[in-house]
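Engineer: First, the structure itself, so that you have it in front of you.
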Amino acid sequence: MDFARGLGIRGKRDGYLENDRYIITWAVGHLVELYEPQDYNPAWKKWSFENLPVIPDTYRYKPIKKTAKQLTIIRKLLSEKNIAKIVVATDAGREGEVIARTVLSAARPGKMIKIYRFWTSQALTPAVVKSQMNSLKPATAYDRLWDAGRARQIADWLVGMNGSRAATIRLKDLFSIGRVQTAVLALLVDRRKTRDAFTPQPYWLVKATFRGEKGTWQGLWIHAGKSRLTSREEARKIVAGIENRQGVVTSSKKTKKSQPPPLLYSLTDLQQDANIRFGFSAKQTLEIAQGLYERKKCLSYPRTDSRVLGSKNVSMVQGLVEKLTKAYADVFSGIDPALTGASNKRVYNDAKLTDHHALIPLAPLPGNCTDRERKIYELVLKRFGAAFYPDCILEVREVLTKVNEGLIFRTMGRVIIRPGWQSLLKPESGEAKKGLDEPEQEDLPPLEKGDWGDVIKSEIEDKKTSPPPEYTEALLLKDMTNPGRYVEKADIKKIYRGDVGLGTQATRAQIIETLLARSYVRREKRRMHATQKGVFLIDTLKRFSAAGTLASPEKTALWEMELARIAAGKGSVEVFLREIENFVRDTVREFLESETEEVQPEAVGRCPLCGRDVVEGYKTYACSAKRKADGGCRFFIWKTISGKKISPAAAAM
């Protein structure tokens, strides 16, 4: 443990560490949670409109059963040990503050003890731990952050508890609604509808191949910056105008560019790359990275949205580079030692640190690791090594060739002058270049203005416009990280250009899994598809004035903006929660007054007993005639058998 090393504590006990000066104990995530509705009032256990909205007078917390032992240990330490002061050292952010304050509230120290805050996002080297322990601030300095965190937690509880119950009662099927998960579902639903409604439009391209003294090159016809023609007849006229002609180079531009290495990994970046390269889900990547952190001790804490390290970690990084070079000489052979120093602001940038620093390797990979663990570790290792490689220097070339006094053909190419970091991290090419109208020519001759070439080939390419791509988890995570292009208001777009997105690094994987578990979304190989149930929920919400705002990233952005005001001391928790409570009342009223049809589930296959449709439910794939009024067919398949999830495709077999 980092704090134990920094403070020289070796005395391990059950749930804490101790020496003659310090006691270190910890939370295992959240140790307490908000009451369930029935904890306030037993009558609220029943899901009915008579019991909605559920809005308690005060909001209370209770221990989480699976971590109750650790909370008991903390309570005992605070009551029995002679504690002079408490130092809170949870994550340096809003959620870390929530964990600390709720635990301290539940632990109830028996006497008044001064509470201080340890605050850093630097890697916890012994030097950083000692330095920050000498720079503690009173915990009250962070009261506003606690206010914002508590307000966020209560708001999510109110929306989830009331929205889910109202939707389930009215729509006569189990539905869950949440501030973030519903906005993410709306992205998937909108993408499905856009693709379903999309009609491909034909267009045509004209390409010509030239051969001259310096070599061969291919150009794409352009006019006023555009290359797509709307009729084949136009394309034929251009081809006729260049056959058996010569072209002359009218422009040859060379632009030298420098591409810096990619930033270090945040969790979402790692999840995107692992999905693209290996098909891993966001949940699988998080679990693997967490295991490499907790059990194998070779990666840093993975649940981070930072892509940089702190300025106090220079010596730690230089030590890591030296240690890892011995095990992975091929990875670190091309680094520039000067780039491991503090002047490398792409690596060391305190201004861009959030709760944790970027995800980096801490030790060589142990020999007893799985293939999946090796793949994730190598992604992180190479990204870390590449950060200290020189920039990639390349020359981008644009050649314009004129034929027959007015027909212009453009040729694009690039030459790598110095590969730099690209000698370690090969840029993705296949998926990125697929479908481009104008691919770059890698072996472009050294053409200059005035060079001539004969047209040796001309061709018309028949093309069609394409819809937006189907969502993969990588694309979905990208849009969750920055959903600004799906909102219209300029001030909200600005919010999403910062650190705010849909969900957090720690929750995005679980949000996706929740959508899958609720049968709102179906995973087919690497693609993510909104189901009929998901479409039905979003369509229903969009008919409502209040509840409909949940089906857009804008509502989350507005709430995050107000929470940021609270954290800055400019907003009011009471006013914010009063607005949330009014929103919840409006949402419940809209469902109560609506006359919405029941969702029509999608058929998975045919029932082998009666021939009716088999449909997907919450826990089973069951015959649509299971109700007594429909025939009482008893055929069903559990969605999880012996711990293995059964996909719709497998069930259909």
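The values are calculated or read from the model by the stated rules, or taken from the named source; none is laboratory data. Since this is a predicted model, take the numbers as computed values, not measurements. Don't worry about glycine lacking a Cβ; one is built from the backbone with ideal geometry, like all the others, and counts go over all protein chains shown. Each accessible area value is taken on the protein alone, full model and side chains, heavy atoms only, with ligands, DNA and RNA left out. Shrake-Rupley method; radii C 1.70, N 1.55, O 1.52, S 1.80 Å.
Engineer: Starting from the alpha-carbon convex hull of the chain, give the projected area averaged over all orientations, in nm². Working shown, then result.
Structural biologist: Working: hull surface 147.5 nm².
Projected over every direction and averaged, the Cα hull of the chain covers 36.9 nm².
Engineer: Using a 7 Å offset from the Cα along the Cα-to-Cβ direction at both I416 and I641, what is the distance between the two label points in nm, to one decimal?
Structural biologist: Placing both labels 7 Å along Cα→Cβ, they lie 4.9 nm apart.
Engineer: To continue, here is another question. Would you tally the net charge around N51, using a Cβ to Cβ cut-off of less than 12 Å, leaving N51 out, and scoring K and R as +1, D and E as -1?
Structural biologist: Residues near N51 contribute +2 overall.
Engineer: When the dipole is taken about the Cα centre of the chain, and only Lys, Arg (+1) and Asp, Glu (-1) are charged at their Cβ, what size is it in debye, to the nearest 20? Please report the intermediate quantities before stating the final value.
Structural biologist: Values: 110 positive and 78 negative charges, 323 e Å.
In debye, rounded to 20, the chain gives about 1560.
Engineer: Given labels modelled 7 Å from the Cα in the Cβ direction, how far is it in nm from V87 to N134?
Structural biologist: Label-label distance for V87 and N134, simple model: 1.2 nm.
Engineer: What aspartates and glutamates does K312 reach when the alpha-carbon gap must be under 18 Å and sequence neighbours fewer than 8 apart in one chain are set aside?
Structural biologist: K312 reaches D2, D91, E322, D350, D355.
Engineer: Let's test the formula: R0 of 30 Å, r as the Cβ-Cβ distance of Q600 and E33. What FRET efficiency results, to the nearest 0.05?
Structural biologist: Working: r = 36 Å, r/R0 = 1.18.
My answer for the efficiency is 0.25.
Engineer: Grab the beta carbon distance between N582 and K402, set R0 = 60 Å, and tell me the FRET efficiency rounded to 0.05. Walk me through the intermediate numbers first.
Structural biologist: Numbers: r = 67 Å, r/R0 = 1.11.
E between N582 and K402, to the nearest 0.05, is 0.35.
Engineer: Averaged over every viewing direction, what's the projected area of the C-alpha convex hull for the range 37-86? Give it in nm², one decimal, please. Write down the numbers at each step before the final one.
Structural biologist: Working: hull surface 21.9 nm².
Projected area, direction-averaged: 5.5 nm².
Engineer: For the range 290-363, what are the per-bin percents of Cα-Cα distances with bins 5 Å wide, up to the bin holding the maximum?
Structural biologist: In order of increasing distance, the bins hold 3, 16, 22, 25, 21, 10, 2 percent.
Engineer: In whole Å, what three semi-axes, largest first, describe the equivalent ellipsoid of the range 63-117 built from its Cα gyration tensor (square root of 5 times each eigenvalue)? Don't jump to the answer; show the numbers that get you there.
Structural biologist: On the way: eigenvalues 62, 54, 13 Å².
They are 18, 16, 8 Å, listed from largest to smallest.
Engineer: I would also like to ask the following. I need the shape label for the range 79-204. Rule: rounded when a/c is under 1.5, else prolate if a/b > b/c, else oblate, with a, b, c from the alpha carbon gyration tensor. Please report the intermediate quantities before stating the final value.
Structural biologist: Numbers: a/c = 4.66, a/b = 1.95, b/c = 2.39.
Cα axes put the range 79-204 in the oblate bin.
Engineer: Round to the nearest 10 and give me the degree value, 0 to 90, for the angle of helix 68-80's Cα axis relative to the longest principal axis of the chain.
Structural biologist: Here the helix axis deviates by roughly 50 degrees.
Engineer: Using a 1.4 Å probe and counting only protein heavy atoms, arrange E461, E579, E378 so the residue with the most accessible area comes first. Numbers along the way, then the final one.
Structural biologist: Values: E461 45, E579 110, E378 70 Å².
Largest accessible area first, the residues go E579, E378, E461.
Engineer: Quick check on the range 135-241: take the gyration tensor over C-alpha atoms, sort the square-rooted eigenvalues as a ≥ b ≥ c, and tell me if it's rounded (a/c under 1.5), prolate or oblate. Show your work: numbers first, answer last.
Structural biologist: Working: a/c = 6.24, a/b = 2.12, b/c = 2.94.
Oblate.
Engineer: Leaving ligands, DNA and RNA out of it, rank T25, T209 by accessible area with a 1.4 Å probe, largest first.
Structural biologist: Sorted by accessible area, descending: T25, T209.
Engineer: Right, something else. Give the calculated FRET efficiency between E18 and K114 to the nearest 0.05, with a Förster radius of 22 Å applied to their Cβ-Cβ distance.
Structural biologist: 0.65
Engineer: Then there is this: Once fully extended, how much extra length lies between N41 and E213, figured as 0.36 nm per residue of separation less the alpha-carbon to alpha-carbon distance? Display every interim value, and only then the final one.
Structural biologist: Working: separation 172, 0.36 × 172 = 61.92 nm, distance 8.84 nm.
In short, 53.1 nm is gained.
Engineer: Per residue, how big is the convex hull around the C-alpha atoms of the range 524-577? Give it to me in cubic angstrom, could you?
Structural biologist: Values: hull volume 5.9 nm³, N = 54.
Hull volume over Cα atoms, normalised by residue count, gives 110 Å³.
Engineer: Explain nothing, just the number: dipole magnitude of the range 475-627 about its Cα centre with +1 on each Lys and Arg Cβ and -1 on each Asp and Glu Cβ, in debye rounded to the nearest 20.
Structural biologist: On the way: 27 positive and 22 negative charges, 147 e Å.
Its charge dipole is roughly 700 debye.
Engineer: Let me ask you something else. Given a 1.4 Å probe and the protein chains all in place, what does the accessible area of L577 round to, in Å² to the nearest 10?
Structural biologist: 20
Engineer: Separate question: Compute the distance in nm between two label points, each set 7 Å from the Cα along the Cα-to-Cβ direction, one at K449 and one at K326.
Structural biologist: Roughly 5.9 nm, to one decimal.
Engineer: Would you kindly calculate the translational diffusion coefficient of the range 530-653, applying Stokes-Einstein with the Kirkwood radius from alpha carbon pairs, for 37 °C and a viscosity of 0.692 mPa s, and quote it in µm² s⁻¹ without decimals?
Structural biologist: Numbers: Rh = 18.0 Å.
Taking Rh from Cα pairs, D becomes 183 µm²/s.
Engineer: A follow-up question, please. To the nearest whole percent, what portion of all C-alpha pairs in the range 245-378 is separated by more than 21 angstrom? The partial results should precede the final answer.
Structural biologist: Working: 4446 of 8911 pairs.
Counting pairs separated by more than 21 Å, the tail of P(r) holds 50 percent.
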